[in-house]
Amino acid sequence: MGITTGRAAKALLIVAALAVAGCAAQFRNHGYIPEETDLQALIVGVDTRDTVEATVGKPTTGGVLGDESWYYVRSRVRDFAWRAPETIERQVLAISFSEDGTVRNIERFGLEEGRVVALSRRVTETSIRDAGLLAQLLRNFGRINVGDALAGGDG
């Protein structure tokens with residue numbers, strides 16, 4: 001009887017350990033923002049679109065009003081047990097270009113309490129003209145349901 005009780009206790013312990021492990025939070029990262037060390041290599045007023053692409057890579061998206069800004073977007077999502085996934089961090093890096101094609105500004109934005117917040121800037125003035133796009137990128141990136149988008153085209 002002692003052997004059976006010991007095996008049952010071990011089995012119960014294993015089941016309990018698996019149940020606790022199943023409740024651990026899982027984190028997923030979406031998108032890409034260049035490392036700060038790579039961004040430090042960019043020189044405002046000197047680097048061009050080509051050198052930016054060679055240094056930090058292609059952007060996630062470009063400006064709606066033209067090619068004057070490039071946007072890099074990253075989100076971090078937490079999945080926990082049965083709860084719906086929760087976006088715990090979202091950032092947008094905006095690199096804007098002047099008319100001659102050189103870097104005019106490098107800005108990093110985040111979302112705090114539903115409001116767009118500038119996290120860092122290389123130049124004191126904001127040069128982002130399409131702020132509505134920036135807000136949409138921060139709020140909606142990663143929420144697109146491809147099935148709904150395709151079904152909407154039939155209507």
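None of the figures in this text is laboratory data; all of them are computed from the coordinates on show. None of these values were measured; they are calculated from a predicted model. Cβ placement follows ideal geometry from the backbone for every residue including glycine, while neighbour counts extend to all protein chains displayed.
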Charge tally for neighbours of residue 79 with beta carbon under 13 Å away, counting Lys, Arg as +1 and Asp, Glu as -1, is +3
How much FRET efficiency would the formula 1/(1 + (r/R0)^6) give for residue 88 and residue 51, where r is the Cβ-Cβ distance and R0 is 35 Å, rounded to 0.05?
0.55
Between residue 29 and residue 61, how high is the FRET efficiency from 1/(1 + (r/R0)^6) when r is the Cβ-Cβ distance and R₀ = 22 Å? Nearest 0.05.
0.80
Net +/- balance of residues flanking residue 25 in space, Cβ distance below 13 Å, scoring K and R +1, D and E -1:
+2
